[in-house]
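Novice: One structure follows; several queries about it will come next.
The values are calculated or read from the model by the stated rules, or taken from the named source; none is laboratory data. Source: prediction; values computed, not measured. For neighbour counting, all protein chains shown are included, and Cβ atoms are generated from backbone atoms with ideal geometry for every residue, glycine included. These accessible areas exclude ligands, DNA and RNA; they are computed on the full protein's heavy atoms, side chains included. Shrake-Rupley method; radii C 1.70, N 1.55, O 1.52, S 1.80 Å.
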Amino acid sequence: MADFDGVDFLLLDEELGEEERLARDSVRAFVDAEFVPLIQEHVRQDGSFPMELVPKLGALGVLGANLHGYGCAGMGSVAYGLVMQELERGDSGLRSFASVQGALCMYPIFTYGNDAQKERWLPQMASGEAIGCFGLTEPDFGSFAQGMRTKAECSGDRWVLNGSKRWITNGSLADVAVIWAQTEEGVRGFLVEKGTPGFEARDIKGKFSLRASVTSELYLQDVEVREEDRLPKAKGMKGPLSCLTQARYGIAWGAIGAAMACFDEVRQYTLERQVQGGPLAAKQLTQQKLADMLTEITKAQLLALRLGRLKDAGRLHHSMVSMAKRNNVDIALQIARAARDLLGANGIVDDYQSMRHMVNLETVRTYEGTHDIHTLILGEQITGMRAL
Ligand SMILES: Cc1cc2nc3c(=O)[nH]c(=O)nc-3n(C[C@H](O)[C@H](O)[C@H](O)COP(=O)(O)OP(=O)(O)OC[C@H]3O[C@@H](n4cnc5c(N)ncnc54)[C@H](O)[C@@H]3O)c2cc1C
C-alpha cells in the first residue's frame with residue numbers, strides 16, 4: 001500500500017503552524033512504517049494490541065501530548081488533534097490506546113492529583129513505561145454513569161472499594177486504574193494499582209469491533225487504598241465528565257483520520273478497478289459517492305480546526321465538543337460504509353481497511369457519549385431544557 005498523503009481539499013495546511021505540521025507528519029510516518037504492517041495480525045487476534053510500539057509512542061511524544069511538564073510534549077490543541085487523526089488513520093484501537101492513556105488517565109492525575117501522584121505516574125506514563133485505564137462504566141450504567149454502584153467507604157486513612165467496571169480499555173494492561181466510585185460525599189476518583197489485593201481484570205472476548213484493543217471488566221472486592229491514592233481535587237461527576245470532554249475532543253479529530261483512510265483507499269481502488277470497459281471511478285454514481293465523502297471530510301476538518309483554536313483560547317464549551325464528536329464520527333461511519341460498498345466483495349476481506357474502520361467506528365459511535373447522548377446535550381444547549 002502506498003504511503004498516505006493526506007486529504008486537504010480546502011488547503012487547510014496553510015492554516016497550520018510549523019509545529020502542528022511537524023507533529024502530524026511525524027505520527028503519519030510512524031503509523032505507515034511501524035503500525036500499518038502489524039494491524040492485520042492484531043485484528044485477527046481479538047483483543048491484542050502491539051505492545052512493542054508503546055515505548056515508541058512514548059518517544060514520539062503522543063502519550064499525554066497536550067499536557068505540560070512531567071515529560072509530556074506540551075503540544076497545542078490542534079497539533080494534539082492532528083496526532084489523534086493520524087493514529088486513528090491507522091486504527092481506532094491505536095487512537096483509543098493514546099486517548100485513554102492521555103485524556104482519561106494522565107489528564108485526571110494532572111488536573112485533580114496531588115504533587116506526589118503527578119511525580120509518581122505522569123513521567124512514566126508519558127514515556128509508556130506505565131499504562132493507565134479509566135474505570136467509569138459499569139455493567140448496568142453506561143450513558144447514565146452517575147447511577148454507578150461501585151462504592152468507596154472511608155475507614156480511617158484508608159478507603160475500601162467494592163464494585164465492578166465493564167468495557168474498560170487497557171484494563172488488564174494497566175499499571176494504574178482511575179476508578180470512579182460513590183462515597184458519602186458523592187463521586188470521587190481513586191488510583192488503584194495493578195496487583196492490589198481484591199482487584200482483578202478480565203478481558204472481554206468476541207468483539208467484532210475495536211479488535212486491536214484490549215477491553216476488560218474490572219472487579220473490586222474489598223480493595224483497600226490509602227487516602228493518598230484518592231484524587232484530592234476531583235469532586236462529583238464533574239471529575240470524570242471533564243476527562244470525557246478531553247477524550248471526545250481527540251475523537252472528533254480521530255474520526256477524520258479513519259474517514260480519510262477509507263476515502264484514500266476507495267479513491268485509489270476505483271481508479272484501478274475496471275467495470276464494464278472502464279474504471280469504476282469514471283461512473284457517475286461512483287463520483288457522487290466520492291464527492292460526498294470529500295465534502296463531509298472537509299466539513300469535519302473545519303469543525304475540528306475551529307474547535308482546536310477555541311480550546312487553546314480557553315473558549316471551548318463542552319457542547320461544542322459534543323457537536324464535533326457526534327458529527328465527525330457519524331460522517332466517518334457513513335464514509336466507511338460507502339467505501340466498503342464500492343470495494344465490492346474485496347471490501348469484506350482484511351487486505352482492505354475500510355470494513356475494519358467501519359466496525360471500529362461502531363464502537364466509537366457508542367463510547368465517550370453515544371450519538372444519541374450528544375444529540376441530547378446539543379438539544380439541552382439549544383433549548384435550555386434537559387430532555388428525559
Ligand atoms: C470497546 C469499548 C471500549 C470502552 N472503553 C471504556 C473505558 O475505557 N472506560 C469506560 O469507563 N467506559 C468505556 N466504554 C463504555 C462506553 O463508554 C459505554 O458503552 C457508553 O457510555 C454507552 O453505555 P452503554 O453501553 O451502557 O449503553 P446504554 O447507556 O445502555 O445505551 C444503549 C442505547 O440507549 C441509548 N440511550 C441511553 N440513554 C438514553 C436516553 N436518556 N435517551 C435516549 N436514548 C438513550 C443510547 O444512545 C444507546 O443507543 C467502552 C465501550 C466499548 C464498546
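Novice: Need at least 3 residues that are among the charged types (D, E, K, R) per element, so show me which helices (runs of 4 or more DSSP H) inside segment 291-388 make the cut, counting only ones lying wholly within it.
Specialist: Correct list: 318-342, 354-366.
Novice: Residues that are part of a strand (DSSP E or B), over 17 Å from the mean Cα position of the chain (by Cα) and more than 13 Å from the ligand (Cβ to nearest atom): does segment 164-173 have at least one?
Specialist: no
Novice: How many residues are buried (at least 18 other Cβ atoms within 10 Å of the Cβ) and in a helix (DSSP H, G or I) if we restrict to segment 4-30?
Specialist: Residues meeting the conditions: 6.
Novice: Can you name the residue in segment 94-134 that is away from the ligand (no atom under 13 Å from the Cβ), assigned to a loop (DSSP other than H, G, I, E, B) and not small (Gly, Ala, Ser) and, of all such residues, is most open to solvent (accessible area, probe 1.4 Å)?
Specialist: The extreme case among them is GLU129.
Novice: Can you report the number of residues in segment 174-189 which are open to solvent by less than 40 Å² (accessible area, probe 1.4 Å) and either within 17 Å of SER216 (Cβ to Cβ) or within 16 Å of the ligand (Cβ to nearest atom) (or both)?
Specialist: Counting residues in segment 174-189 that are open to solvent by less than 40 Å² (accessible area, probe 1.4 Å) and either within 17 Å of SER216 (Cβ to Cβ) or within 16 Å of the ligand (Cβ to nearest atom) (or both) gives 10.
Novice: What's the number of the only condition in (1) crowded, with 18+ Cβ neighbours inside 10 Å; (2) away from the ligand (no atom under 16 Å from the Cβ) that ALA33 fails to meet?
Specialist: Condition not satisfied by ALA33: (1).
Novice: Identify all residues within segment 342-370 that are of a type outside the set (A, V, I, L, M, F, W, C), open to solvent by less than 30 Å² (accessible area, probe 1.4 Å) and at negative phi; write none if there are none.
Specialist: Within segment 342-370, GLY347, GLN353, SER354, HIS357, ASN360 qualify.
Novice: Restrict the check to segment 108-131 and report whether at least one residue is under 20 Å from THR366 (Cα atoms) and either out of contact with any Phe, Trp or Tyr (no Cβ under 7 Å at 6 or more places or on another chain) or at pLDDT 95 or above (or both).
Specialist: No, because not a single residue in segment 108-131 is under 20 Å from THR366 (Cα atoms) and either out of contact with any Phe, Trp or Tyr (no Cβ under 7 Å at 6 or more places or on another chain) or at pLDDT 95 or above (or both).
Novice: In segment 231-252, how many residues are open to solvent by 10 Å² or more (accessible area, probe 1.4 Å), in a helix (DSSP H, G or I) and in contact (Cβ under 8 Å) with a residue 12 or more places away in the chain? Show your work before the answer.
Specialist: Here is the first cut: in segment 231-252, the ones open to solvent by 10 Å² or more (accessible area, probe 1.4 Å) are 232-233, 235-238, 241-242, 244-246, 248.
Add one more test, that the residue is in a helix (DSSP H, G or I), and what stays is 238, 241-242, 244-246, 248.
Next, only the ones that are in contact (Cβ under 8 Å) with a residue 12 or more places away in the chain stay: 241-242, 244-246, 248.
Residues that pass the stated criteria total 6.
Novice: Restricting to segment 190-210, name every residue that is in contact with a Ser or Thr (Cβ under 8 Å, 6 or more places away or on another chain) and either open to solvent by 70 Å² or more (accessible area, probe 1.4 Å) or within 11 Å of the ligand (Cβ to nearest atom) (or both). Lay out the reasoning, then the answer.
Specialist: Here is the first cut: in segment 190-210, the residues in contact with a Ser or Thr (Cβ under 8 Å, 6 or more places away or on another chain) are 201-204, 207, 209-210.
Result: ARG202, ILE204, LYS207, SER209, LEU210.
Novice: Now, a different point. Can you confirm whether HIS318 is open to solvent by 70 Å² or more (accessible area, probe 1.4 Å), closer than 26 Å to PHE141 by Cβ and within 16 Å of the ligand (Cβ to nearest atom)?
Specialist: Answer is yes for this residue.
Novice: Turning to a different aspect of this structure: Restricting attention to segment 135-155, and to residues there that are assigned to a strand (DSSP E or B) and open to solvent by less than 20 Å² (accessible area, probe 1.4 Å), which single residue is nearest to the ligand (Cβ to nearest atom)?
Specialist: Looking at residues that are assigned to a strand (DSSP E or B) and open to solvent by less than 20 Å² (accessible area, probe 1.4 Å), I get GLY135.
Novice: Residue by residue through segment 157-167, note down the ones that are open to solvent by 70 Å² or more (accessible area, probe 1.4 Å) and either closer than 20 Å to ALA73 by Cβ or not basic (Lys, Arg) (or both).
Specialist: Answer for segment 157-167, where residues must be open to solvent by 70 Å² or more (accessible area, probe 1.4 Å) and either closer than 20 Å to ALA73 by Cβ or not basic (Lys, Arg) (or both): ASP157, TRP167.
Novice: Still on this structure, I have one more. Could you please find all residues in segment 253-272 being in contact (Cβ under 8 Å) with a residue 24 or more places away in the chain and farther than 30 Å from LEU104 by Cα?
Specialist: Here is the first cut: in segment 253-272, the ones in contact (Cβ under 8 Å) with a residue 24 or more places away in the chain are 253-266, 268-270.
Within segment 253-272, ASP264, GLU265, VAL266, GLN268, TYR269, THR270 meet the criteria.
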